[in-house]
Amino acid sequence: MRQRRPHVNWFLIVIVVLLIAVITYVDRFILPTAQTPFLPTLTATRDPESFVTDAQNLFAEGKLLPAIDSYLEAIRVKPDDPSTYIALARVQIFAGKYSEALVNAENSLLLNPNNSMAHGVRAWALTQTGDYAGADTSLQEALRLDPNNGVILAYKAFLYGKMYENNAGPSLDPLPVAITASQDAVTLAPNSLEAHWARAYILQLTANGEQAIQEYLLAIQLNTNISEIHLELGVSYKGLGVIDSALEQYTLANTLNPTDTRPYLYSSRALVSIGEFAKAAQYAESAVTNDPTNPYLRGNWGFMLYKNSDSANALIQLSLAVNGGQTEDGQTIQPQPLTADDARIAQYYYVYAILLARSSRCGEALPITQLLLTSVPNDTDAAYNVTYVQQLCSQLLGTPSATPSATPRVTPTATP
């Protein structure tokens, strides 16, 4: 007898195989990434306050850009806290990022339009960008909300001091307002960095250099790592002729903010004022190395080379400042416009004209003298040296003219 073979159910086999495949996939790929209920996640969301604490510590260390990044992280985690936007805007102003600071001060106001400090920081940012009318409007609102806030009064001192310094803005007599605001700021906020900074700025502006230095030192005690304050303290020392101390402060400013060319620029000017022409030229060159397309820095380097009796290289750098041109690696340098706002620029132009005349290039020198006469008619040094160049060229061209002075009158100006 033969036994009957059992019937194979292929449908059931296919179903079992598919189930095994699904279970294997879930076990291998899904379960390892699934979160177990009621247990903390492997990467917990960080408390925004910890980012704020980090930012405050970084600011205290003078690390402004990392502090800004930490505040931005705090905002990313908790975007509805107006105080974080204010703190960020404040640090951005210290770092020279005025447009970004303005945006964040306004972001704070979107969250809380009655926040006096947001209005105050917005005013400070507008002051730095030259919008004095807008800054004044913001300050009035800030003081309406909090009339006894010493930090806001410091911002007011900065604003009215800038109005006076630049002869611009809505106030007809800003200096007395600036003086009173700076005095009230240090009275109401004696532990505020901005209050002592503002008071120092106004004292320096009113030719009280020794008192300004004391206020800058008080500000530095509150935070030793703000490059801008060291830079301004150096300017105060230079104004009093204390060149060693000025150079020390410029060096500190450079250490805290190596990308800023002003410490090199100011150091070159301090050194040339005491006859250290070779060192002055070296610092001026360092400024150009950091910002090679800046015509103003090219002009400063050319002037320092001229004082160091390196006429050939001075002529090259002053030509780049006045006419523009190309850097050594092909970058474009735009000409430095001649305006009456900065006596240094006129100095670059007339020293360039002197060197051209001495090189028998009067066809290039004489048009520069005419430009100086029309653009800076009240600059007595420029007028004196224009006369020198014109007389020298008259001799060289064989036309009747008075004999030129034995030497031109080229001395460093009183600016930092």
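The values are calculated or read from the model by the stated rules, or taken from the named source; none is laboratory data. All values derive from a computational prediction rather than experimental measurement. Reconstructed Cβ throughout: ideal geometry from the backbone, glycine too, with neighbour counts over all protein chains shown.
I'd like to check something: does segment 324-336 contain any residue that is modelled with pLDDT of 95 or more, outside any helix (DSSP H, G or I) and under 30 Å from residue 207 (Cβ atoms)?
Yes, segment 324-336 contains at least one residue that is modelled with pLDDT of 95 or more, outside any helix (DSSP H, G or I) and under 30 Å from residue 207 (Cβ atoms).
Six or more apart or on different chains, Cβ under 6 Å: which pairs go from a residue in segment 210-223 that's of a type in the set (S, T, N, Q) to one that's assigned to a helix (DSSP H, G or I)? Could you list them?
Taking only residues 6 or more apart or on different chains, the pairs are 211/203; 223/193.
Could you please give the count of residues in segment 177-194 that are more than 20 Å from the chain's Cα centre (by Cα) and assigned to a helix (DSSP H, G or I)?
12
Going through segment 124-160 one residue at a time, which ones are small (Gly, Ala, Ser), within 17 Å of residue 193 (Cα to Cα) and under 22 Å from the mean Cα position of the chain (by Cα)?
Matches in segment 124-160: 125, 154, 157.
Of these, 309, 319, which one is over 25 Å from the mean Cα position of the chain (by Cα), of a type in the set (S, T, N, Q), on the phi > 0 side of the Ramachandran plot and at pLDDT 95 or above?
Numbers: 319 fails: on the phi > 0 side of the Ramachandran plot.
Answer to the check: 309.
Is segment 234-249 home to any residue that is touching a Gly at 6+ places or on another chain (Cβ under 7 Å), part of a helix (DSSP H, G or I), over 30 Å from residue 58 (Cα atoms) and not acidic (Asp, Glu)? Working first, answer last.
Restricting attention to segment 234-249, the residues satisfying the condition of being touching a Gly at 6+ places or on another chain (Cβ under 7 Å) are 236, 239-240, 246, 249.
Subsequent filtering for residues that are part of a helix (DSSP H, G or I) retains 236, 239, 246, 249.
With over 30 Å from residue 58 (Cα atoms) added as a condition, the list becomes 239.
From what's left, not acidic (Asp, Glu): 239.
Yes, some residue in segment 234-249 is touching a Gly at 6+ places or on another chain (Cβ under 7 Å), part of a helix (DSSP H, G or I), over 30 Å from residue 58 (Cα atoms) and not acidic (Asp, Glu).
Look through segment 354-383, keep the residues that are touching a residue at least 24 places away in the same chain (Cβ under 8 Å) and not hydrophobic (A, V, I, L, M, F, W, C), and return whichever of them is surrounded by the fewest Cβ atoms within 10 Å (Cβ to Cβ). Spell out the reasoning first.
Initially, segment 354-383 is screened for residues touching a residue at least 24 places away in the same chain (Cβ under 8 Å), giving 354-360, 362, 365-366, 368, 371-372, 375-376, 378-379, 381-382.
Of the ones still in play, those that are also not hydrophobic (A, V, I, L, M, F, W, C) are 358-360, 375, 378-379, 381.
Details: 358: 16, 359: 13, 360: 12, 375: 16, 378: 7, 379: 19, 381: 17.
Per the criteria, the residue is 378.
Among the candidates 88, 109, 102, 72, which residue alone is assigned to a helix (DSSP H, G or I) and within 24 Å of residue 168 (Cα to Cα)?
Details: 88 fails: within 24 Å of residue 168 (Cα to Cα); 109 fails: within 24 Å of residue 168 (Cα to Cα); 72 fails: within 24 Å of residue 168 (Cα to Cα).
After ruling out the rest, the residue left standing is 102.
Examine segment 341-353 for a residue that is surrounded by 15 or more Cβ atoms within 10 Å (Cβ to Cβ), more than 30 Å from residue 395 (Cβ to Cβ) and within 28 Å of the chain's Cα centre (by Cα), and state whether such a residue exists.
Checking segment 341-353: at least one residue is surrounded by 15 or more Cβ atoms within 10 Å (Cβ to Cβ), more than 30 Å from residue 395 (Cβ to Cβ) and within 28 Å of the chain's Cα centre (by Cα).
Just give me the residues in segment 257-279 being assigned to a helix (DSSP H, G or I) and either among the hydroxyl-bearing types (Ser, Thr, Tyr) or surrounded by 21 or more Cβ atoms within 10 Å (Cβ to Cβ) (or both), in sequence order.
263, 264, 265, 266, 267, 268, 269, 270, 271, 272
Within the set of pairs 6 or more residues apart or between chains, which connect a residue that is farther than 12 Å from residue 100 by Cβ inside segment 63-79 to a residue that is acidic (Asp, Glu) and part of a helix (DSSP H, G or I) with Cβ atoms less than 9 Å apart?
These pairs meet every condition: 66/54; 67/54; 70/54; 73/54; 74/49; 74/54; 78/49.
Would you please list the contacts, defined by Cβ atoms under 7 Å and residues six or more apart or on different chains, that run from a residue in segment 320-345 that is within 13 Å of residue 298 (Cα to Cα) to a residue that is in a loop (DSSP other than H, G, I, E, B) and among the aliphatic types (A, V, I, L, M)?
345/338
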